[in-house]
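All remarks here apply to the structure that follows.
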Amino acid sequence: MGIRRYRYRHLDVFTDRRFGGNQLAVFPDANGLSTDTMQLMAREMNFAESTFVLPAETEGTDVRMRIFTPATEMPMAGHPVIGSTFALAREGRIPKDRPEWIYELNVGPLPVQLEWQDEELAFAWMTQRSPQFGEPEDPAAVAAAIGLSEQEIRSTGLPVQCVSCGVPFVMVPLSSRAAVDAAAPDARILNDLAKRSGRDHFSLYLFTTDRNGSDDGAHVYTRMFGPGLGIYEDPATGSASGALGAYLVRHQVLSREAARTILNLQGRKLGRPSWIHISIDSNNGTFTRVRVGGAAVFVAEGTFDV
């Protein structure tokens, strides 16, 4: 069997300018690739995630899409969904002015709402699953894992808690942006915590609502560490952002009204600032809609020979 060539597009996601946000490789025509080959290609690309677009398999969806980190396949993820939407719009696969596009992911159908400007895609909102909340985690163990004092967590008055809108992340509240920036997680300790919890991975989403005098407009400032996913630190994590928004509502950090327009700044410590929009709708303690949105920009394109 001869060599086959597959095109990919490289986008920066959750940003409006190149060389910021989170890098993504999108393979828009992945027919004929095996699971093992997709994983090898994602490992070779070595971005936080790569996506592989296939024909739809389920009625009511537009395309089947699979998402891989360098180490594993994901059930869903935020920046791959947003970035792939911009890539497919650029390819002409998504008709201009279409209001919605539906992916079939490993978690099932996932709708994306589209906002157009001058016949160009300007913004995309993905709707995530309703949040599931785990029991509180031991703040002392998590503090030790990230190299910070336990007081940096306890002073917030908030719990360390696993929340999932499709992918589980442990929310870690911290007292300040300086504390978030000072974190230096130990992958070995995180792997041990994953084993003790019975999870495949123990991915941390560190956050603070402290603005520290900043006028950048961000309501939350975050970092994500997921060595068990093959991502030591991620510049932008949409799947964790929806879970964080739900956490902020559940623990009354934000009002229902304020939670509809949350701006999350992630990736600054890595030199890749990412701006993730979060919108949470709830009623009497019930979450009715969790959305994460943003923009993406085209950077480059190329081909893989496999």
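The values are calculated or read from the model by the stated rules, or taken from the named source; none is laboratory data. Here the structure is a predicted model, which is why all the values come from computation and not from measurement. Using ideal geometry, Cβ is built from the backbone for each residue, glycine included, and neighbour counts are taken over all protein chains shown. SASA here: full protein model, heavy atoms, side chains in, ligands and nucleic acids out. Shrake-Rupley method; radii C 1.70, N 1.55, O 1.52, S 1.80 Å.
Okay, here's what the table says:
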item	result
Residue in region 164-187 that is open to solvent by 50 Å² or more (accessible area, probe 1.4 Å), in contact (Cβ under 8 Å) with a residue 40 or more places away in the chain and of a type in the set (V, I, T) present	no
Criterion (farther than 21 Å from R93 by Cα and of a type in the set (V, I, T)) met by exactly one of T51, T61, T15	T15
Unmet criterion (only one of (1) open to solvent by 10 Å² or more (accessible area, probe 1.4 Å); (2) modelled with pLDDT of 95 or more) for S197	(2)
Set D210, D200: member being in a loop (DSSP other than H, G, I, E, B), out of contact with any strand residue (DSSP E or B) (no Cβ under 7 Å at 6 or more places or on another chain), more than 25 Å from L40 (Cα to Cα) and of a type in the set (D, E)	D210
Count of residues meeting criterion [open to solvent by 40 Å² or more (accessible area, probe 1.4 Å) and at negative phi] in region 200-213	4
Among (1) more than 18 Å from the chain's Cα centre (by Cα); (2) buried (at least 22 other Cβ atoms within 10 Å of the Cβ); (3) assigned to a loop (DSSP other than H, G, I, E, B) - the single one L158 does not satisfy	(2)
Strands (runs of 3 or more DSSP E) wholly inside region 16-126 that include at least 3 residues being at pLDDT 95 or above, open to solvent by less than 40 Å² (accessible area, probe 1.4 Å) and under 23 Å from H201 (Cα atoms)	49-55, 63-68
Condition met for A140 (in a helix (DSSP H, G or I), open to solvent by 20 Å² or more (accessible area, probe 1.4 Å) and either among the β-branched types (V, I, T) or modelled with pLDDT of 95 or more (or both))	yes
